[in-house]
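No value in this document is a laboratory result; all are computed from the given coordinates. A quick note: this is a predicted structure, and the numbers were derived from the prediction, not measured. All Cβ positions, glycine included, derive from the backbone under ideal geometry; neighbour counts span all protein chains shown.
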């Protein structure tokens with residue numbers, strides 16, 4: 001009995017031999033590219049130069065931070081505290097340590113007093129507390145060899161970061177009998193920025209050479225392998241220029257550059273592989289550059305447009321979130337997709353128009369001529385086996401994806417703190433000292449601020465009652481206020497009361513011993529906000545636990561909107577591409593299942609701590625913002641390959657091949673490109689895993705896993721299995737959808 005593979009080979013040969021060549025006349029943009037390829041390339045090079053000049057200092061113009069919600073209770077309260085009570089919320093911790101001695105030694109005493117005085121006199125710096133001014137137990141460590149100076153640096157995240165960098169350059173001491181180290185939120189942001197910049201160079205030094213080697217292996221010729229790198233350079237430099245321009249008008253996070261470079265290089269290779277492979281295939285059939293380019297533009301070019309639109313739509317949904325950290329990744333993602341698609345559909349055809357058959361020059365000595373006629377290769381044979389037994393292959397794959405998603409059931413969310421840095425980072429070392437060797441507690445402290453609380457005897461009594469009530473909240477160790485200090489509902493030895501009152505404004509410090517970005521701290525913040533305020537006064541609860549509550553609630557409220565937008569737009573694009581309701585819905589559901597598996601693995605790795613020693617990170621709770629980012633990036637990339645596959649299958653089916661032959665041949669021809677593109681894209685994202693900032697590792701590993709699962713499991717197994725089960729229903733659509741597809745859907749000829 002003739003095998004399905006053999007039937008497909010015969011069907012393919014008959015199909016190809018029977019096709020009459022259409023009148024390949026370039027129109028529109030392609031006509032300009034074919035007629036003036038040198039002009040197009042000169043314009044492309046001019047764009048690279050302008051974008052390079054604009055983006056050369058892009059990193060210095062971008063910002064750190066971006067987690068806060070601009071109008072949330074915690075953010076507004078923090079601004080009021082910084083304005084009225086600058087000593088209430090220290091954002092810089094200076095740790096002074098004596099090696100082989102104690103705090104009574106003369107050298108550390110002299111340095112401590114001198115450093116306290118100098119820092120207090122710096123513009124924009126407010127002294128909160130210093131062990132050498134107030135030698136209390138909370139400001140020295142248990143071994144009596146190190147002590148703290150607490151400071152508040154004014155300005156927003158970016159302004160305070162620059163001030164702290166200047167102070168660090170002047171006053172830090174990394175060596176000697178007395179060491180001076182900087183910590184706190186602002187120094188941690190600076191350390192993250194510096195580490196991310198360093199890691200960026202390391203990642204690209206790994207990714208670019210490996211990418212070139214893979215391209216040489218895939219294409220087999222030096223000239224063809226160089227084309228994707230040119231588009232990658234165009235994409236990366238162009239995106240940096242766009243980000244630099246956006247930074248003139250909007251807040252843009254410096255961490256978006258990591259995504260821009262990885263995604264730019266990966267998509268450039270993806271689209272170039274698809275376009276060049278199709279061009280070489282068409283040139284082999286009809287050795288005429290113009291004819292081959294026209295067919296390539298109408299097939300691979302069409303697919304690139306739909307693929308780019310899918311990725312851009314997924315990333316643009318990050319704009320529904322108000323934090324500029326997430327919005328920055330949307331800017332970077334949409335910009336890199338737009339520049340890469342333009343490069344692949346304008347600059348790349350111009351290069352091919354000039355090269356013609358010379359694209360095959362520089363063939364590697366151990367490679368034979370690449371055979372690109374449609375035939376049944378490895379992936380086609382896999383598809384043939386799956387089509388014969390769809391349940392036998394599909395059910396185990398579905399079960400495996402569901403198994404990978406199980407760890408999601410115990411996920412805990414928080415926000416990123418200094419523990420995303422390596423233990424060698426300065427701010428991380430200071431934070432570890434505070435956790436392990438100081439009796440301060442207060443890591444998860446809250447501040448309750450009231451702008452209008454008159455200074456009358458009655459109002460002072462109300463402050464006392466309120467402080468007493470707050471101190472009874474489970475998990476609260478002490479409350480300091482203008483009316484005194486309270487612990488577990490009772491007065492306790494008072495702190496400096498005058499620090500808590502300025503005119504009619506007052507604030508209360510709610511001290512606890514929990515980690516600030518933990519679920520326990522968030523619960524305390526919620527209960528503190530639920531305590532009734534005497535006299536109907538209006539208060540704002542701020543601090544890191546309150547920030548966690550506000551960010552988590554806002555993200556949770558906006559996630560359904562983002563998911564809905566992604567689903568609807570992706571479904572609409574797939575309907576236009578395929579004209580099939582079943583194929584579009586299946587692609588969407590498969591993608592969501594892939595995302596669940598990816599997040600299950602990420603929880604297992606980063607929260608549960610597996611692979612922590614290998615990758616060199618500290619396991620913590622999941623930062624609530626980065627799963628949203630990884631979902632949008634990974635969804636877009638996974639859908640990218642679904643578009644590649646469905647586009648080729650739909651093209652072959654619409655041209656007359658039966659379903660099974662179209663699936664086998666479509667997966668065989670697209671499989672080579674997708675496997676190669678996925679390999680190169682994974683190199684870019686796995687290079688991010690070499691970072692020493694754990695949330696960058698999180699993004700890189702998540703995106704790489706999504707690409708691998710889709711390219712190696714979902715596309716070759718689930719797609720043909722479901723299409724086999726769907727039969728004729730694969731191409732069913734209600735009359736309105738068919739009409740829209742006929743009116744707006746892409747056409748090959």
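Details
- Full-extension gain in nm, residue 423 to residue 520, via 0.36 nm per residue minus C-alpha separation: 32.5 nm
- Residue 557-residue 166 pseudo-label distance in nm [points 7 Å out on the Cα-to-Cβ vector]: 3.8
- Using a simple spin-label model with pseudo-atoms 7 Å out from Cα toward Cβ, residue 194 and residue 403 lie 4.6 nm apart.
- Folded to 0 to 90 degrees: helix 157-171 orientation relative to the chain principal axis, Cα: 60
- Contour excess over end-to-end distance, with Cα ends at residue 79 and residue 488 and 0.36 nm allotted per residue: 144.3 nm
- Going by neighbour counts of Cβ atoms within 10 Å, the residues 621, 424 line up, fewest first, as 424, 621.
- Here the peptides 318-331, 664-677 are ranked by packing, the mean other Cβ count within 10 Å, and the order with the highest first is 664-677, 318-331.
- Three-way shape call for segment 33-116 based on the alpha-carbon gyration tensor, with the a/c threshold at 1.5: oblate
- Calculated FRET value between residue 104 and residue 435, using beta carbons and R₀ = 30 Å, to 0.05: 0.75
- Size estimate for segment 91-183 follows the Kirkwood approach: the inverse of mean 1/r over distinct Cα pairs works out to 13.3 Å.
- Cα-only Debye scattering, segment 445-542: base-10 log of I(q)/I(0) at q = 0.17, 0.22, 0.23 Å⁻¹: -0.66, -1.10, -1.20
- Among 507, 379, sorting on how many other beta-carbon atoms sit within 10 Å of each Cβ, with the fewest leading, yields 379, 507.
- Shown is the FRET efficiency for residue 223 and residue 654, computed with R0 = 45 Å from the Cβ-Cβ distance and rounded to the nearest 0.05: 0.85.
- CD proxy at 222 nm, helix term only [per DSSP H run n ≥ 4: -39500 (n - 2.57); per residue of the chain; nearest 500]: -20000 deg cm²/dmol
- Label zone at residue 389 (point 7 Å along Cα-to-Cβ), backbone N below 17 Å, segment 713-738: 717-718, 720-722, 724-725
- For the pair residue 527 and residue 608, label points projected 7 Å from Cα toward Cβ lie 3.0 nm apart.
- Potential extension, residue 472-residue 249 segment - 0.36 nm per residue separation minus Cα distance: 75.6 nm
- Both radii come from the Cα set of the chain: Rg as radius of gyration, Rh as Kirkwood radius; their ratio Rg/Rh reads 1.06.
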